[in-house]
1. Arrange the following residues from fewest to most other Cβ atoms within 10 Å of their Cβ: A:GLU209, A:GLU115, B:GLU54.
2. Compute the acute angle (0 to 90°) between the alpha-carbon long axis of helix A:22-32 and the principal axis of greatest extent of the alpha-carbon atoms of chain A; round to the nearest 10°.
3. Can you give me the distance in nm between label points at B:THR34 and A:GLU80, each placed 7 Å from the Cα along the Cα-to-Cβ direction?
4. Can you compute the charge dipole magnitude of the protein assembly as shown about its Cα centre, using +1 on each Lys and Arg Cβ and -1 on each Asp and Glu Cβ, nothing else charged? Give it in debye, rounded to the nearest 20.
5. Among A:SER50, A:SER67, A:SER12, which comes first, then next, by fewest other beta-carbon atoms within 10 Å?
6. Relative to the longest principal Cα axis of chain B, at what angle does helix B:5-23 sit, 0 to 90 degrees, rounded to 10?
7. Taking the Cα centre of chain B as the origin and placing charges on Cβ (Lys, Arg +1; Asp, Glu -1), which of B:ALA3, B:MET33, B:SER85 is farthest toward the positive end of the dipole?
8. Indicate, rounded to the nearest 5 percent, the antiparallel portion of the DSSP beta bridges found entirely in chain A.
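Readers should treat all values here as calculations from the given coordinates under stated rules, not as data from a laboratory. Predicted model, so just to flag it, every value in this text is computed and none were measured. Neighbour counts are summed over all protein chains in view; Cβ atoms, including those assigned to glycine, are modelled from backbone coordinates with ideal geometry.
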Amino acid sequence: MRFTDARPDGRSVVYAHIQADPLGTRAGDLLAAATTTQRLLARAVMNGESLEPQTWQTMFPTLFGPSAPVPGDPVRDRSEAILAASLQVADRGEQTRSQFRGAIVEALTERLLAERTGPVHRERRILFDGRPAEIHPYDATVEADGAGEAWDCKWGARGIKADVLHQLDDARRGAADEGGRLLVGLVVFDARRSCEVRLVRERGPVPLEGLKLIALEGLDRLAGRKPA
Amino acid sequence: MPATVADLIDRALAGFDALAAKAEPIADEWQYMTDLDTVWRARLRAVAAARGDEPAPPGADDAIAVLVEEAARVTDGHRAIDWLSTLPQVALAALGEAA
C-alpha cells in the first residue's frame, strides 16, 4: 500500500485556489475548537439565504441570547467569529459557496486528525499492488506505518453516495489483501440522524461494519476527544 | 401566555412541511426526503411528548420564528433538501435538545 499525490487536473487546479483561500483556513481553525452548536451555526449560515447577522443571533439563543456567554468571553467571541466567517462564505456565489463548504470540512478534518495522529495529508491516492488505482483522491489521509487512515469529507448527508462508499471499502479491502490495515471513513458536516438514513439507502453491497461515520455531533472523535 | 415546547415544535414542523413541499420536485431524492421526514418528525414529536407542556426556554420562541422565516426564504429545491436536515437540528438546539 502506497500513498501518492493526486495527478493534477482542471478541477484540482481550480479547487486548490479555494483550499488556499485564507477564509477557508480561518473557518477550519475556528471550527476545530468549536462546540457542536457553534458548528451547527456554521452549517445553517453557510446553507442559508439571509446575510443579516441578527437573524442568526436570534436563531441561536444559547450562543447569543441573554443566557449565553457575554462578549469578551472566549466562547462568545468564537461564536461571533464563526458567524462572521460563515456569512462571508454565504455571501459568495452559489458555486463558490459550495466549493468553500467542501474545502472547509476538509480543512477541519485535517486539523482534528492532526491533534490525534499523523502525518496527515490531503488529496492523496492510495495504490495497491495488482489493483487499478482509483481515479479520485481521498480528501484526508493519515500515512502512519501500520495505522493508515483514509477519509472522505462531505458537507451534507446528501454527499454520501454509493460510489464513495465503494471506493472507501475497496481501499480497506486492498490493504487487508496485503496483510495490512487501513481505517476508512466518512466525515460529514451534518447530523448523524440524516447521515444514517442516507448511508443505509446508498450502501449497496458495501458492508458498513468496516466504515467509520463521523457526523457533526461527533467530530471531536477525529481528534481523540469527547464532544465539546 | 408564554409558548410551550409543544407550541414551538408545532411551528417548526409547519416550517418543515413547507420545505418538504419545495423539495418535492427533486424526484431523484424522493426516498431521501421521505426518510428525513420520518426520522426528524419522530425526533421532534418525541421531544413534544416528553416536554410538551414545559414553557419554552428563553429565546426559543423568537429563534423558532426566525428559523421558520429563514426556511421560507428558500426557493431552490436542492437547498430545501439541505434545510430538511438543518431545520430540525437548529430547532432542537434552540430547545436545548441534542439532534
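1. A:GLU209, B:GLU54, A:GLU115
2. Here the helix axis deviates by roughly 90 degrees.
3. 4.9
4. Around 520 debye, computed over the protein assembly as shown.
5. If I rank by nearby Cβ atoms, fewest first, I get A:SER67, A:SER12, A:SER50.
6. Between helix and principal axis, roughly 10 degrees.
7. Checked the options; the winner is B:ALA3.
8. 50
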